[in-house]
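The values are calculated or read from the model by the stated rules, or taken from the named source; none is laboratory data. Here the structure is a predicted model, which means the values were calculated and not measured. Methodologically, a virtual Cβ is constructed for each residue, glycine included, from the backbone with ideal geometry; neighbour enumeration extends over all protein chains shown.
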Amino acid sequence: MNTSISSSLVIFFSMTSNLRPMKVLVLEDEDDWARKIRSVVEKLSWNCEHHSDLDSALNYLLSNTVDIVVLDRNIGSHGDEGLSLLGKLQKLEMTPMMLVVSQIATTGERVRGLEAGADDYLPKPFEDIELRARLVALARRGGNWSNYSTVILLGDLEIRKAARTITYKGKSRTMPVKPFDLLVLLAENRGEVVSREMIWREVWKEYSGLDVQNNTIDVAIKRVRDALDEFCGDHQIESVRKRGYRWKDAA
């Protein structure tokens, strides 16, 4: 193998080793291109969801958390309907990173795609290694749905602090403010006992002088447990007698 290519691959794989697995939606109606893109995504050990029409892709995005969308600009009967999805996603409070792929490769059309809301634009045909590099670059940049410094991973459960949502196996939901803040505190200190005093200080900052033995914390803990039981089928929050609460590390 060429030395420069070999060195580039070493750097590339060292970059990807620090990234959490991404959830990628591929919107592509040409089977060969869909298989090619999906293969690249899955070789990164990322999750891939494929759709071949705009309506089904949009419906999926409205009810699921996705980190990156790979969008064929030329999808649809009119050959240029992909950009319409960008406009629709701009109306959402949180949007994934968008990589447009297209046979249309002129400078003016690339600029048009970026101005429509794309985060990157990759002309077809392209090599697998370039697509991988573009995807990793988007993952490292992050977006409103994938800010790595504000994502806590607990097995299949993701706590997204910036979006203030929890995600489990692709499904997302919100939580009330105090229970969510309490969940974040326990998750950030998983394996350690979080005292009632610390909970008052970090979650109820404005009430730090109140009696920590009243039942406000217990009620909030129950709300977190109930929410996780309903959403995930389980929770890992245990009571530690006379000390506080702890998120148990997986065995």
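Here are some notes:
- Residue count for the stretch 219-235, restricted to those that are under 22 Å from the mean Cα position of the chain (by Cα) and under 24 Å from TRP200 (Cβ atoms): 4.
- Among the helices (runs of 4 or more DSSP H) confined to the stretch 153-251, the ones with at least 2 residues that are more than 25 Å from ARG20 (Cβ to Cβ) and either small (Gly, Ala, Ser) or at pLDDT 90 or above (or both) are located at 216-232.
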